[in-house]
1. For the stretch D:25-116, please list each of the helices (runs of 4 or more DSSP H) lying entirely inside it that holds at least 2 residues being more than 10 Å from chain C (Cβ to nearest Cβ) and closer than 30 Å to D:Ile236 by Cβ.
2. Among the residues of the stretch D:230-254, write down those that are within 21 Å of D:Pro61 (Cα to Cα), more than 21 Å from the chain's Cα centre (by Cα) and not in a loop (DSSP other than H, G, I, E, B).
3. Looking only at the stretch A:175-184, decide whether some residue is surrounded by fewer than 22 Cβ atoms within 10 Å (Cβ to Cβ) and not assigned by TED's automatic domain parsing to the domain that holds A:Pro108.
4. Would you pick out the residues in the stretch D:60-93 that are modelled with pLDDT under 90 and either closer than 30 Å to D:Leu188 by Cβ or outside the structural domain of D:His215 (by TED's automatic domain parsing) (or both)?
5. Residues in the stretch C:167-185: is at least one crowded, with 20+ Cβ neighbours inside 10 Å and farther than 24 Å from D:Leu124 by Cα?
6. Could you count how many residues in the stretch A:78-90 are among the polar types (S, T, N, Q) and within 7 Å of another protein chain (Cβ to nearest Cβ)?
7. Pairs needed: first member in the stretch A:187-207, assigned by TED's automatic domain parsing to the domain that holds A:Ala133; second member anywhere, aromatic (Phe, Trp, Tyr); C-beta distance under 8 Å; at least 6 residues apart or different chains.
8. Let me confirm something: among C:Phe281, C:Phe234, C:Phe272, C:Phe299, which residue is more than 11 Å from chain B (Cβ to nearest Cβ), out of contact with any strand residue (DSSP E or B) (no Cβ under 6 Å at 6 or more places or on another chain) and hydrophobic (A, V, I, L, M, F, W, C)?
Amino acid sequence: MILKRITILITICLFSIGLLISCAEKPPEPKKTYKVGALFSVTGRTSFLGDPEKKTAEMIAEQINAAGGINGHNLELIVYDTEGDATKANLALKKLITQDKVSVVIGPSLSGTSLAVLPLAEQHEIPLISCAASYKIVHNEKTGKPYKWVFKTPQTDTMAVEAIYRRLKSYGLNYIAIMSVTTGFGASGRGELLRLAPKYGMNIIADEKYGPKDTDMTAQLTKIKGIGPQAIINWSVGPTQVTVLRNRSDLGMANILFFQSHGFGSRKNIELAAGAAEGVLAPLGACNIAELLTAYDVQRDVAMKYMQDYKTKYNEPLSSFGGHAWDAMYMVINALTEIGDDKVKIRDYLENNIKGFVGQHGVFNYSADDHNGLTDKAFAMVIVKDGDWSLAD
Amino acid sequence: METISFTSQLFQYLITGLTVGSVYAMVAVGFNIIYNVTEIINFAQGEFVMLGGLIMVFFHVGMALPLVLAFPATVILVTLVGILLDRLAISPIRQPSVLTLIIATIAASILIKGIAMFIWGKDPFDLPAFSGRNPITVMGAVIQPQYFWVIGFLIVVVIALSIFFDRTIIGKAMSACADNADAAKLVGINVKQMILLSFALSAAIGAVAGVTMTPISLMEYDRGAMLAVKGFGAAILGGLGSFPGAILGGLIMGAIESFGAGLVSSGYKDAFALIVLLAVLFFKPSGILGDIEISKIKRF
Amino acid sequence: MLQIAKLPIAIFAALIITFPWMAHQIPVIDHYADIMVFVGIYCLITIGLSLLMGYAGQISVGHAAFFGIGAYVSGILTTNYGLNPWICMIIAMLITAVIALLVGAPSLKLKGHYLAMATLAFGIIIFIIFNEEIEWTGGPDGMPGIPGLSLFGFKFDSVDKYYYLVWAFVLAAFIFTANIIQSDAGRALRAIHTSEPAASAMGVDIAKFKIIVFVYSAVLASLAGSLYAHYLNFINPSTFDLFFSIKLLIMIALGGMHNIWGAIIGALLITFLSYEWLHYFEEFEVIVYGAILLLVTIFLPNGLVGVPEMLKSWVRRKN
Amino acid sequence: MNRLAQEHVLDVQGVAMTFGGLMALSNLNFQVKKGTIKAVIGPNGAGKTTLFNIITGSFPPTKGTVKFKDEPIENLKAHKIADRGISRTFQTIELFSNMTVLENVMMGCHTCVRTSFLSSGLKLPRSHRKETEILDRAMKVLRFIGLGEKINEPADSLALGEQKILEIGRALASEPELVCLDEPAAGLNETETHVASSLIKAINAKGITVLLVEHDMKVVMNISDEILVLNYGQKIAEGTPEGIRNNPRVIEAYLGGEA
């Protein structure tokens, strides 16, 4: 009996500990700040997305505050780590809304977590700018229109796939093999590759997969080699996209045209591939290839500045995923500057006033029918040449 | 368009499978060394492999030490981690039930992973191949020179271990602990020391696996867990406690994955290996080479 | 005699009932009720697992799969076929029971690490199926648009309403399980744990008991899965991966395996740690989490429920 | 001594057991008469415990039949055999160490009174009634074996002699027709041995048939009605204590000059 009572006591203690921790962390009451929430997968298996996003968003918030804030208002960025987990993303968004009382949310980083929190944003009527690829985030299948409160900055997989297919078509190639990693990123790209193939007259003669922690893809590539496609398209992120390249070059398949997804957008990948990336093509956004852009390109200045700032602050090469957070952050900052921190006004501003917004991943034009706002120009086809990017044309 | 004949394809699957399987086998051997002395499965075994790879990158690439120096230095450092693991996480537990010990190793693996993330960050690292990256073609199948290093080191580890357990006094003492810890205590063997040694030894083998596989597949901080699962599968498939079983189990797992990916469905390749594992267990509950009588004596 | 005292259960129930109100009084823990919904969902799983592991002594590293089967069956049947969620929940439990029976019958003949591996393998295979059968499950991106729950026109559409729904299930499962533990069946389970030969000499059908408990814990996990799916209105495979199975194991071990209260305390602590408290450590989160786990296993080998016992014996030694 | 009933409660016919080529029992035939005490003796490794394990269903014999009340039981699982009315103790004590004395005996009632998972989970009146019934029976047994005072102590805190007694009590709780006692006096001091022997006699007096393996010749000669002698898995003698005491083959094989 006593034992059980003590057990109960401990339970109460646990609650109190939680309470204390929460109290201790309570920030001093700010004068007047604009609160922006962010959900990124900073750690866990999809940290390659969330980590650069968080760094970018924090860097921008710092810069803005150092320059005196937004019309004198301090910008408070509240970042929660979702770890790529739907439950955590759900809890964190509710906390941002009810507790932190932010006026707009950036993220989540993944299509899965974005789809998971999307109903919440609609229900609580808070503008959310997702940093994930899937077109489903801004396309309500029931109405055929975007969700009212949800926007997104990254190019959809559709655009990347179309860029690749157009290129293949221009080469007159149509027998292709696709490879994808069995994560959200890979599966969503694979889905679009399969869906759009008939439209571009592509024959997918091999459809191979591998796990995100696989150490070797020789078996999949050997099978592809046996089938003999004209080109291979690989959809993955992280170390596997490098391993694929190495295995491919070992198998003497370097002469088969090879496309990577837009997930390939980091110079580190070229470096890690140790020569095996030569001749590989990938559709990339402007921020990956700032130096390659012509002086006339509207994106050149923003991309160069971002690249240099990021390198100076974090001493590591830029990842294109950070650019999605950059785009979302500056859209929000523009909105806050123009109309303050009212949720409804921010939403309306995003939908009506983001026109010709020059971002890292393209020039955005949001509208009531388009909450992604990018055209296929958002991708440039890039080829790896002498260990660096170069425009494919 | 260059293609490849079906037999060459099969041969390629086999080679790839055996190489991947060799890594699993080394992890499985590491599991067995500790299992034999303590009856626990050390789920931090995969972290030894990860540390082996990343520390080797630090010595060989970061500090530009030559291979012959960097390799042993890495193994020694990871062995120290193994010793620390035993001293800090395993031996302080006073009334150890097998499950408590396993949870302790899981906790330790999370801790090691966290520290590795803190030190190396989240990006993958590369290591130059020991003898270049120019592949050799055999029967139409392509073999990276590094494959030979992986398989070669597995053989070295096997021979070294069998000499150790059969020919040396310490090795025999360890085998005695494995057979009957109480009896071993009675004849004056320091069981605590043997447990420490088993952790050191399996950490060293983990390090070897990590060093040799990194040039093929890169290495990053969170690779350990999946390797531990695969290695555990290999150890169970072969029969816990049996070294030939571990090697057989590892190679079979690698081969099934490779053939499954190549011939059937790459999306389900991991499932094939596990289905085979389940099928074996349902027919032979102690694994391929496991001894059912011995497994009855074990508490767990 | 093993008796689970009624007073703590009553106090616990009272705490649970008043908690949302208490939380809403204090702004900083206002959202704790939301986290408690998930604690409740995980408690449903750990209560069953505690009976399986702590009392019957059978390890399972595959319960995330049953959790997932519950969630996916509910998700698929409600979104694709428009069936009533409650009926789907029951269908999900039936399907899970059949799968648990098919998997459990051969697996539970295995012992120790072999059983752990078999359940682990089963869990991974199910996870791969969730990932690969994109037409049914939506693949890695997940399955959005799962409807919420309502009963006779009453919608469980707020955190607090769902909180009471989930915890009503938890309390029912807790009392049901506690009754089993205190009955002849519970004794039989503990007998199996200590000595299988002696238990069978007492007429205990060991295979049957193990399977019943395995199926029971799987069905509870399935119920938890359905509740999860209808609360989040979204599911994706990574929620049901191997690491979640291991997390469940950690909950049980940390709370204390040989006591059903351990299941509750473990779920409570781990959920709050990983969803709330560790957040403040940012990049050190993983290190702190690992360190806490390690320290608890080293210093509290019987879990948190063992603390009173330890204190008692410590006091006794002092005197 | 009780010699009223003459029908056979246990009938072992042609039982043989080999373990991986090793012959543990070969072509063993014997019967146990209802209401008697029969002892099985023999040197170590004679196959006594193997015989017990076959009778109680730990494993089936390689050859032969075991009939309990004229029904074959050799292929039944242990728990089925327990249900039929054979209970046992173990050579190395196999108490449920995580339970109290009372709970151990209550566990023994499992064969007679058991509740379904569902009804005990829902705490239906039925399961409550049954639990009370189990409790009553267990208390009766505990008073009978003389451990009525120690019901709430953990089983593993008892002295060795009491643990042996408790194991017998647990076996009795199932109200068996035949109890198989595997070395009930092993490791006990003289007083404890005396308690154990009188308990066995008292059990027999209730009409329960007893089959026991025992090394202590005093106990065996003192309480048994019949004795079966095994050596190397074979029966070398069977008969009354008097007859065995004077059987030259037994003396040669086992007793030496002791008896």
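The values are calculated or read from the model by the stated rules, or taken from the named source; none is laboratory data. Quick caveat: nothing in here was measured; it's all calculated off a predicted structure. Glycine also receives a Cβ, built like all others from the backbone with ideal geometry; neighbour counts cover every protein chain displayed.
1. On the way: elements: D:48-55, D:78-84, D:101-108.
Fully inside the stretch D:25-116 and qualifying: D:48-55.
2. If the condition is that a residue be within 21 Å of D:Pro61 (Cα to Cα), more than 21 Å from the chain's Cα centre (by Cα) and not in a loop (DSSP other than H, G, I, E, B), then D:Ile236 is the only one that fits.
3. Here is the first cut: in the stretch A:175-184, the residues surrounded by fewer than 22 Cβ atoms within 10 Å (Cβ to Cβ) are A:175.
Now narrow it down to the ones that are not assigned by TED's automatic domain parsing to the domain that holds A:Pro108: A:175.
Taking every residue of the stretch A:175-184 in turn, at least one turns out to be surrounded by fewer than 22 Cβ atoms within 10 Å (Cβ to Cβ) and not assigned by TED's automatic domain parsing to the domain that holds A:Pro108.
4. D:Gln91, D:Thr92, D:Ile93 - these are the residues of the stretch D:60-93 that are modelled with pLDDT under 90 and either closer than 30 Å to D:Leu188 by Cβ or outside the structural domain of D:His215 (by TED's automatic domain parsing) (or both).
5. Within the stretch C:167-185 (the criterion being crowded, with 20+ Cβ neighbours inside 10 Å and farther than 24 Å from D:Leu124 by Cα), the answer is no, since none of the residues qualifies.
6. We begin by selecting, within the stretch A:78-90, every residue among the polar types (S, T, N, Q); these are A:82, A:87, A:90.
Those still in the list that are within 7 Å of another protein chain (Cβ to nearest Cβ) too: A:87, A:90.
Qualifying residue count for the region: 2.
7. Cβ pairs passing all conditions: none.
8. Details: C:Phe281 fails: more than 11 Å from chain B (Cβ to nearest Cβ); C:Phe234 fails: out of contact with any strand residue (DSSP E or B) (no Cβ under 6 Å at 6 or more places or on another chain); C:Phe299 fails: more than 11 Å from chain B (Cβ to nearest Cβ).
Only one candidate passes the filter, namely C:Phe272.
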